[in-house]
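The structure under discussion appears below in the form of structure tokens.
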Amino acid sequence: MRSRGRSRTREDRGPVTKHHVDDTFARYAAEYGLTPPGEETVTDDPPYGDRWTTWDDSTAGERGPRPYPDWVVTDLGAVDTELGILKTGKESDVFLLERSVPGTERATLMAAKRYRDPKHRMFHRDVGYREGRRDKESRVNRAIAKGSAFGREAIAGQWARAEFDALTSLWSAGVTVPYPVQILGTELLMEFIGDGDGGAAPRLAQLRPTPDERDDLWDQLAHNLTLLALAGYAHGDLSAYNLLVHDGRLVVIDVPQIVDVVGNPHGREFLDRDVRNVGGWFTARGLDPRRVGDLSEALAKDARLA
Ligand SMILES: Nc1ncnc2c1ncn2[C@@H]1O[C@H](COP(=O)(O)OP(=O)(O)O)[C@@H](O)[C@H]1O
Ligand SMILES: [Mg+2]
């Protein structure tokens, strides 16, 4: 189907072998299939920093649940344009990406969460890497201990896959999470939570809600956690930083470490910890603390742990 330069895929380009002082972008571009500087003059790839859509590089199992929402761009001639960085983190960076069909009005914004290969991080953050993420680490360690042979990049890819799978389960359970569009290697593409101009939704932690808004957000949180508990999960890293609020709507994010509370001997502790962590933000803003304890109890019942 593809007529223009599509043979130059991420794989065809292969690793960038020349190591100049400033090869950061070139290496990065090769990893995510972006057109490196100068390349567009010798191939007919999209302009510098763009790439052909990766939609058809993902297999059926690497795409979000059907039916695909109508905003998902599935055209094979679409181009992905990087519009900027939303957040850099220790294990991943989140970018704003537009997928559009040249010559048409068809365009959509997505958040691209790229898990870092610890060896090829863009920035030097050797101190504190994975700090405070023991749950994640032990899960990977267990996988290694079980005999799975995978390298550093595979570990990054596993986290991306874990988050894609978690988003898929939660989306299907009705939890308000970003729709998972596709997973490819270490990159997860999901619904962008924000406005059409690329303005990202604030984290709950940034808000100063009125008492009515606070109570409404708490009700939405309780509703989402109830759906999670009924499906047998705790978020595992819940906080006012992993909840976005767009036009008053609460969206749960950052879910690679969701915990199967039924199969986990510490399931109840995970449920309680999530509620305590985010509950602290709400009680500091005037929520009746009894509601926090009540929610913990209710969730334990929903997950059949009490
Ligand atoms: N789907 C999304 N839409 C808009 N912004 C997002 C989205 N996903 C992540 N972000 C932004 O990126 C930040 C980091 O994402 P998160 O999944 O929490 O990763 P981390 O592991 O770095 O905490 C979020 O706090 C939010 O600001
Ligand atoms: Mg986070």
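Any read-out appearing in this document is the output of simple, stated calculations on the displayed coordinates, not a laboratory observation. If you're wondering where the values come from, they're calculated on a predicted model, not measured in any experiment. For neighbour counting, all protein chains shown are included, and Cβ atoms are generated from backbone atoms with ideal geometry for every residue, glycine included.
The table for this structure:
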{"read-out": "Relative contact order computed over region 163-272 (Cα-Cα under 8 Å; 6+ residues apart), in percent", "value": "28"}
{"read-out": "Prolate/oblate/rounded call for region 204-302, Cα gyration tensor, a/c under 1.5 rounded", "value": "prolate"}
{"read-out": "Computed FRET value (nearest 0.05) for D212 with R152, which takes r as the C-beta separation and R₀ as 35 Å", "value": "0.15"}
